[in-house]
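Some notes on the structure that comes next.
Each reported figure results from applying straightforward, stated rules to the coordinates on display, with no laboratory input. For clarity, every value in this text was computed on a predicted model and none was experimentally measured. When we count neighbours, we look across all protein chains shown, and the Cβ atoms used for this are built from the backbone with ideal geometry, even at glycine.
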Amino acid sequence: MRYPVHIVQLKHGDERCCGAGPQLGYQHSRGAFVYILDGDMQMLPGFLEEALAFMVAHGDVAGVGGNIVEKNTKSLEYVARSERVSAHRLPGLVDRLDGGGLYRRSAIEAAGYLSNRNLHSYEEFDLGTRLRVLRWKLWRLPIDAASHFGHDTPPYQLLMRRWRTRYICGLGELVRAAAGQSRLGMLWRGVRELQLYAVVIVWWGVLFSVALWPLSVPVRGIVFVTTALVPFLFMVYRKRSVAKGIYSIVSWCFNAAGLVRGLLHAQLPAREVISSNILQDIAAFSSSTNTERNG
């Protein structure tokens, strides 16, 4: 069965990433409002009507989101995510709409583009900073908006997958995109992980520098092992779980390496049109449907 929708795909598959998908859809959209929904999510009944009514009533709001219902309760990745209490996940004024939301086209046009085609993650935060610089507001309603099913991939395999797909490079790409702009300060203050991964990189520097310390080899060995183990022991104690504690540190190391990798990656102009193929044109679909009915 075919549906009356516009279907497009990237012309160049190697450009696929979290930032390119929404921007490609936005390029082909025409409405006064645009909704972003990830492929592993399902919109819940009633949200869209509430969000649209809120947007109509509040002309200074650029985007509206709701609660994201996490369905994956087994993966260490998503369990850790659900345990964190993040301000941008709470109802009210927020700095980003993680998990998608309804956006006002006029606000997106003022910001230049919906999603940065270079970003392999953190595309919602990037959009949020560009909108907030222009004094637009983002709001999260206290109602369920969508269910998120996530990955069934085991946590360490998921880290490797994210390294291969460059998802883990998104934060570094975000920093590079914001370099030299006023929103860089928003990034440093708003993304706690950036500060955390910076500390991890400093930790690596200390570990590598131990070999140069003016100490005997046995003492340097003790210092190195102690410095390496302390973060693991601290997180095991904090998480009250060996598995969760070790995974936290390993995940931080992967993400810190991804931060560096993303910073070094060259970027295409974010405002440049993304090349695409149209698989189904809604106008052509409507025309063929009318022909079938008339025939």
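A few remarks follow.
- About its Cα centre, the dipole of the chain is roughly 720 debye, where the only charges are +1 on Lys and Arg Cβ and -1 on Asp and Glu Cβ.
- Cut-off under 5 Å, modelled amide H: who pairs with V69 long-range: A145, A146, S147, H148
- DSSP-defined antiparallel bridges as percent of all bridges, segment 27-151, nearest 5: 60
- With helices as the sole contributors, the chain gives -16000 deg cm²/dmol at 222 nm; each DSSP H run of n ≥ 4 counts as -39500 (n - 2.57), and the sum is divided by every residue.
- Straight-distance candidates among the aspartates and glutamates for linking to K137, with alpha-carbon spacing under 12 Å and chain neighbours fewer than 8 residues away dropped: D60, D95.
- For the chain, the relative contact order works out to 27 percent when only alpha carbon pairs closer than 8 Å and six or more residues apart are counted.
- DSSP-defined antiparallel bridges as percent of all bridges, the chain, nearest 5: 65
- Checking [x] 56, 42, 38; [y] 89, 40, 37; [z] 69, 44, 42 against the coordinates, the calculated Cα extents along the principal axes in Å falls under label [y].
- Relative contact order (percent, whole number), segment 154-264, Cα cutoff 8 Å, 6+ residue spacing: 47
- Annotation: aspartates and glutamates with alpha-carbon distance below 12 angstrom to K239 (same-chain offsets under eight excluded): E83.
- Cα gyration tensor, segment 97-251 - rounded (a/c under 1.5), prolate or oblate: prolate
- For the peptides 232-241, 54-63, 97-106, residues were scored by their other Cβ atoms within 10 Å and the scores averaged per peptide; the highest-first order is 97-106, 54-63, 232-241.
- Counting only whole DSSP H helices of the chain, the ones at least 30 Å long by C-alpha along their axis and with mean Kyte-Doolittle hydropathy no lower than 0.5 are 217-239, 242-264.
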